[in-house]
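J.: First, the structure itself, so that you have it in front of you.
The values are calculated or read from the model by the stated rules, or taken from the named source; none is laboratory data. What you are looking at is a predicted structure, and each value in this text was computed from that prediction instead of being measured. When we count neighbours, we look across all protein chains shown, and the Cβ atoms used for this are built from the backbone with ideal geometry, even at glycine. Each accessible area value is taken on the protein alone, full model and side chains, heavy atoms only, with ligands, DNA and RNA left out. Shrake-Rupley method; radii C 1.70, N 1.55, O 1.52, S 1.80 Å.
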Amino acid sequence: MKKFLFSLIFACACLLPAHAQWSLGVEAGMSVNSLTYDTGYFYNMHYFSRTGYSLAVPVQYSFKDWFAVRAEVAYLQKNFGYEVSGDGAGIYEFTSTNYLDIPLMARFSFGGKRLRGFLDLGGYVGSWLSGHETGRSYITFSENPTGGDTIFDTYTAYDYSVKYEFDKTRDNRFEAGLLVGVGLQWQVTKLIGLNISCRYWYGLTDLQKNYMRNQTPRYHNTFTTQAGVMFTIPQK
Amino acid sequence: MKNKIIIIFLLASVTGMLNACREDAPQLDNPRYTLYMNSWEKTFDTFWNAMNNNYVFWSVDPTDWDAVYDKYMPLFQELDENPAEDMDAFAEQFSQVEEYFKEMTADLIDGHYNLQVTVNSAEGLEFTISPSSAKQTEREGYMENRILAFYAGWTLANKNMIADGSLTEWLSYVPQDLVEGYVWGSGLLEGDIAYLRISTYAPSITSHIGTGDEADDLMQQYFGYIDNKEDLAGVIIDVRGNYGGAVADLKTVLNRLVNEETVFAYQREKDGPGRLDYTPWIPQILVPSEEKVRNLNVPVVVLADMNSVSMAEHTTFAVKAMPNGTFIGERTFGGHGTYSADNNAFYTSHGGYVSNYMFTMVTTSTMTKFIDGNVYEGVGIPPDIECPFDYEGFLQGIDTQLERAITFIQTGM
């Protein structure tokens with residue numbers, strides 16, 4: 001079903017008359033990512049969003065001055081964290097996840113010759129490349145039986161910073177999703193344009209494989225802001 | 001312009017449809033506070049989900065928990081479809097329920113796992129299941145009442161060694177009046193080997209330190225051997241037949257024996273409702289005592305056997321991790337997790353113990369791996385030098401395992 005719908009999107013673009021103009025560029029920016037994740041009765045684990053960075057190499061094919069198809073190779077951090085409240089206050093973890101994403105989108109632009117606004121609609125596929133976890137836990141065998149009320153009155157804290165170890169049963173390293181973005185492009189010269197944009201990446205794939213009954217899914221929601229430059233490849 | 005708007009609308013609609021691809025989270029109820037388990041189906045469902053979210057060993061346990069649901073939910077539903085008409089029939093149904101729970105949990109590897117199911121409205125309808133205890137009966141060397149035979153044999157051997165002078169300066173304390181020989185004790189073997197006997201870590205030895213009582217006396221004597229005895233040849237820590245107890249006692253017993261911070265194991269806990277949601281492995285570190293007087297470089301031997309469980313096994317891990325440490329005896333029981341018998345412990349460990357009005361499920365909140373990278377849960381720690389329980393020897397008042405430890409310290413072999 002998903003393949004059919006993606007195909008439909010590109011069929012619409014392919015039926016349009018050609019106005020061939022290739023562009024290539026580079027963009028960099030920052031990301032703010034959060035998880036959609038209902039922890040249920042693990043309610044004293046509070047997940048929060050974290051920032052990261054993004055780097056992309058876009059290539060764009062303009063059919064018309066108002067319509068283009070754009071693809072990117074994007075390195076994107078989708079970070080998140082949790083902290084524990086109540087009896088476990090002080091326990092926390094920051095997780096950094098690094099993705100290589102290939103977004104594919106339709107770009108609709110409007111405005112004047114130099115300054116134009118644009119709207120992007122599309123989707124992406126990608127791969128979870130690596131990750132890192134930093135956090136604070138406690139050493140069980142450091143127990144001080146006369147300690148106080150909080151976890152770190154009773155146990156010695158342990159700060160960790162470790163490479164994320166993938167679990168092949170649980171971790172889904174493939175991801176796909178939808179995206180929408182808006183931005184502005186300033187055409188400096190006929191061949192060089194500067195742009196700034198905001199984009200929302202809506203993950204459709206669970207971070208986990210379907211490995212257990214009554215599984216709680218987790219999805220990325222990523223907001224990126226990026227700036228870049230596009231070079232139009234001159235036609236012969 | 002119209003075409004542009006139509007195309008944008010179509011694409012937006014398609015992307016909107018794809019939005020429906022996200023799965024909803026299941027409704028998860030905290031089994032610790034689940035009420036109205038007024039059917040066998042609800043009881044099974046609560047138990048199954050309690051295990052699904054709180055059992056810490058899913059990454060290594062062989063039990064197919066989804067297959068358990070598929071097989072046993074229909075069986076519990078069938079019980080509800082044929083309700084008992086009187087107490088005798090209900091008791092019969094309850095026996096069937098016990099069999100189902102035994103089958104479901106038979107292969108669980110948690111060495112501490114214990115499930116008690118009680119029907120509060122019906123006196124006497126209660127059962128307790130311990131898969132690890134059941135599995136122990138299949139082990140080579142198992143004999144019924146072996147623990148009692150051990151304590152009787154150890155007591156006789158201890159008296160013999162005191163009588164013949166091979167054990168001197170013997171001080172002891174009875175932490176719990178269970179059987180003769182169930183003691184904490186310290187003394188000198190062969191005049192130059194410090195010997196510490198710990199039958200249990202519950203109650204805690206640490207709670208007696210500094211009190212001036214007999215338990216404090218024997219521990220201060222043990223500390224004195226480590227700190228001051230000039231010709232100390234070695235140390236033997238005997239945790240055979242010790243079912244475990246207070247985590248804090250590990251430092252008390254061992255932290256004078258390490259010369260630097262020593263990682264002896266790693267533990268991880270749950271950090272989410274998924275079966276494979278874990279914290280990173282956290283190193284468990286034995287830190288040298290601040291009261292340490294000298295660095296010891298003598299052999300340290302831990303004696304353990306198939307009835308050494310939990311804290312007794314962590315003592316074994318810690319000694320094995322020492323550069324001069326050796327484990328002599330038998331493969332231990334295989335219960336290495338830690339837990340607190342308190343529902344509120346969930347809010348720090350996010351797994352483990354569950355107790356409600358229908359069942360109490362004792363399961364640990366931590367999973368342990370040794371420094372060699374292996375998880376020995378449900379398996380037991382293998383000895384460096386195997387020396388099996390010698391029933392015939394004990395009958396004659398000879399502790400062959402202790403003698404083997406003495407020989408090792410004296411000869412290195």
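J.: Do you know which residues across the range B:113-126 are touching a strand residue (DSSP E or B) at 6+ places or on another chain (Cβ under 6 Å) and either assigned to a loop (DSSP other than H, G, I, E, B) or touching a residue at least 12 places away in the same chain (Cβ under 8 Å) (or both)?
T.: Quick first cut of the range B:113-126, residues touching a strand residue (DSSP E or B) at 6+ places or on another chain (Cβ under 6 Å) only: B:114-118, B:126.
The answer is B:N114, B:L115, B:Q116, B:V117, B:T118.
J.: Pick out, from the range A:100-203, the strands (runs of 3 or more DSSP E) lying fully within it that include 3 or more residues that are farther than 30 Å from B:L250 by Cβ and touching a Phe, Trp or Tyr at 6+ places or on another chain (Cβ under 9 Å). Let's see the steps before the verdict.
T.: On the way: elements: A:115-139, A:156-163, A:174-187, A:192-203.
Because the criterion is at least 3 residues that are farther than 30 Å from B:L250 by Cβ and touching a Phe, Trp or Tyr at 6+ places or on another chain (Cβ under 9 Å), the strands (runs of 3 or more DSSP E) in the range A:100-203 that meet it are A:115-139, A:174-187, A:192-203.
For every residue, the table says whether it meets (1) closer than 19 Å to B:T400 by Cβ; (2) in contact with a Phe, Trp or Tyr (Cβ under 8 Å, 6 or more places away or on another chain); (3) assigned to a helix (DSSP H, G or I).
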site: B:A157; (1), (2), (3): yes, yes, yes
site: B:M161; (1), (2), (3): yes, no, yes
site: B:T168; (1), (2), (3): no, no, no
site: B:S172; (1), (2), (3): no, yes, no
site: B:D177; (1), (2), (3): no, no, no
site: B:S186; (1), (2), (3): no, yes, no
site: B:G191; (1), (2), (3): no, no, no
site: B:A194; (1), (2), (3): no, yes, no
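J.: Which count do you get for residues in the range A:152-190 that are in contact (Cβ under 8 Å) with a residue 40 or more places away in the chain, open to solvent by 70 Å² or more (accessible area, probe 1.4 Å) and either closer than 26 Å to A:L55 by Cβ or more than 9 Å from chain B (Cβ to nearest Cβ) (or both)?
T.: 6
J.: I've got another one for you. Counting just the residues of the range B:84-124 that are over 19 Å from B:P74 (Cβ atoms) and of a type in the set (V, I, T), which one comes out modelled with the lowest pLDDT?
T.: Filtering the range B:84-124 for residues that are over 19 Å from B:P74 (Cβ atoms) and of a type in the set (V, I, T), the one modelled with the lowest pLDDT comes out as B:V119.
J.: Can you tell me which residue is nearest to the other protein chains (Cβ to nearest Cβ) among those in the range B:268-282 that are open to solvent by less than 20 Å² (accessible area, probe 1.4 Å) and in a strand (DSSP E or B)?
T.: Here the answer is B:I282.
J.: Cβ-Cβ distance below 6 Å, separation of 6 or more or different chains: which pairs start in the range B:205-223 with a residue that is within 12 Å of chain A (Cβ to nearest Cβ) and end on one that is modelled with pLDDT under 95 and part of a loop (DSSP other than H, G, I, E, B)?
T.: Final answer for the pair search is B:T206/B:A248.
J.: For the range A:91-112, enumerate the residues that are under 21 Å from A:K163 (Cα atoms), aromatic (F, W, Y) and open to solvent by 30 Å² or more (accessible area, probe 1.4 Å).
T.: Passing the criteria: A:Y92, A:F94.
J.: From the list B:Y36, B:Y55, B:Y69, which one is over 30 Å from B:P280 (Cβ atoms) and of a type in the set (S, T, Y)? Let's see the steps before the verdict.
T.: Numbers: B:Y55 fails: over 30 Å from B:P280 (Cβ atoms); B:Y69 fails: over 30 Å from B:P280 (Cβ atoms).
Just one listed residue meets the conditions, B:Y36.
J.: Which pairs turn up if I take residues in the range B:344-362 that are in contact (Cβ under 8 Å) with a residue 24 or more places away in the chain and within 13 Å of chain A (Cβ to nearest Cβ) and look for partners that are acidic (D, E) and open to solvent by 20 Å² or more (accessible area, probe 1.4 Å) with beta carbon separation below 7 Å, at least 6 apart in sequence or on another chain?
T.: Sorted first by the residue in the range B:344-362, then by its partner, the list stays empty.
J.: Working only within the range B:229-253, note down all residues that are closer than 15 Å to B:W184 by Cα, facing chain A (nearest Cβ under 10 Å) and of a type outside the set (D, E).
T.: Here is the first cut: in the range B:229-253, the ones closer than 15 Å to B:W184 by Cα are B:236-246, B:249-250, B:252-253.
Retained after the next criterion (residues that are facing chain A (nearest Cβ under 10 Å)): B:246, B:249-250.
Within the range B:229-253, B:A246, B:L250 meet the criteria.
J.: Further question on the same structure: For the range A:224-236: of the residues being surrounded by fewer than 20 Cβ atoms within 10 Å (Cβ to Cβ) and not polar (S, T, N, Q), which is modelled with the lowest pLDDT? Break it down stepwise before answering.
T.: If we filter the range A:224-236 for residues that are surrounded by fewer than 20 Cβ atoms within 10 Å (Cβ to Cβ), which is where we start, we get A:225, A:227, A:229, A:231-236.
From the residues that got through so far, the ones that are not polar (S, T, N, Q) too are A:227, A:229, A:231, A:233-234, A:236.
Numbers: A:A227: 98, A:V229: 98, A:F231: 96, A:I233: 91, A:P234: 86, A:K236: 65.
Going through the qualifying residues, I end up with A:K236.
J.: In the list A:N221, A:N195, which residue meets the criterion of being open to solvent by less than 80 Å² (accessible area, probe 1.4 Å) and in contact with a Ser or Thr (Cβ under 7 Å, 6 or more places away or on another chain)?
T.: Numbers: A:N195 fails: in contact with a Ser or Thr (Cβ under 7 Å, 6 or more places away or on another chain).
It is A:N221.
J.: Let me ask you something else. Are any residues in the range A:63-90 modelled with pLDDT under 95 and either away from every other protein chain (no Cβ under 12 Å) or buried (at least 22 other Cβ atoms within 10 Å of the Cβ) (or both), and if so, which ones?
T.: A:G88
J.: On to the next question. Give B:D64, B:D86, B:D107, B:D80 a once-over and let me know the one that is exposed (fewer than 12 other Cβ atoms within 10 Å of the Cβ) and away from chain A (no Cβ under 14 Å). Give the steps one after another, and end with the answer.
T.: Numbers: B:D64 fails: away from chain A (no Cβ under 14 Å); B:D107 fails: exposed (fewer than 12 other Cβ atoms within 10 Å of the Cβ); B:D80 fails: exposed (fewer than 12 other Cβ atoms within 10 Å of the Cβ).
Residue meeting the stated conditions: B:D86.
J.: Considering B:K292, B:K320, which residue is modelled with pLDDT under 95 and over 21 Å from B:N52 (Cβ atoms)? Break it down into steps so the answer makes sense when it comes.
T.: Numbers: B:K320 fails: modelled with pLDDT under 95.
Unique residue meeting the criteria: B:K292.
J.: Another question, if that's okay. For the list (1) open to solvent by less than 40 Å² (accessible area, probe 1.4 Å); (2) in contact (Cβ under 8 Å) with a residue 12 or more places away in the chain; (3) at the interface with another protein chain (Cβ under 9 Å from one of its Cβ atoms), I need the number of the one condition that A:G131 fails.
T.: (3)
J.: Mind listing just one residue for me: the one in the range B:362-413 that is in a strand (DSSP E or B) and among the β-branched types (V, I, T) and, of those, least open to solvent (accessible area, probe 1.4 Å)? Reasoning before the result, please.
T.: Of the residues in the range B:362-413, the ones in a strand (DSSP E or B) are B:362, B:367-370, B:385-386.
Those still in the list that are among the β-branched types (V, I, T) too: B:362, B:368, B:385.
Working: B:V362: 22, B:T368: 1, B:I385: 33 Å².
Top of the filtered list is B:T368.
J.: Give me the residue from the range A:13-42 that is facing chain B (nearest Cβ under 9 Å) and at pLDDT 50 or above and, out of that set, farthest from the chain's Cα centre (by Cα).
T.: Within the range A:13-42, the first condition is being facing chain B (nearest Cβ under 9 Å), and the residues that meet it are A:13, A:16, A:36-42.
Filter once more, so that each one left must be at pLDDT 50 or above: A:36-42.
Numbers: A:T36: 13, A:Y37: 16, A:D38: 19, A:T39: 21, A:G40: 24, A:Y41: 27, A:F42: 25 Å.
The selected residue is A:Y41.
J.: Is it true that some residue in the range B:167-174 is surrounded by fewer than 17 Cβ atoms within 10 Å (Cβ to Cβ), more than 30 Å from B:F76 (Cβ to Cβ) and free of Cβ contacts under 8 Å to residues at least 12 places away in the same chain?
T.: First, pick out the residues of the range B:167-174 that are surrounded by fewer than 17 Cβ atoms within 10 Å (Cβ to Cβ): B:168-169, B:174.
Okay, now just the ones that are also more than 30 Å from B:F76 (Cβ to Cβ), so B:168-169, B:174.
Still in the list and also free of Cβ contacts under 8 Å to residues at least 12 places away in the same chain: B:174.
Checked against the condition, which is being surrounded by fewer than 17 Cβ atoms within 10 Å (Cβ to Cβ), more than 30 Å from B:F76 (Cβ to Cβ) and free of Cβ contacts under 8 Å to residues at least 12 places away in the same chain, the range B:167-174 yields at least one hit.
J.: Given (1) aliphatic (A, V, I, L, M); (2) assigned to a strand (DSSP E or B); (3) within 14 Å of chain A (Cβ to nearest Cβ); (4) farther than 30 Å from A:K168 by Cα, where does B:A265 come up short, assuming only one miss?
T.: For B:A265, the exception is condition (4).
J.: Answer with yes or no whether B:V183 is more than 30 Å from A:N214 (Cα to Cα) and more than 14 Å from chain A (Cβ to nearest Cβ).
T.: yes
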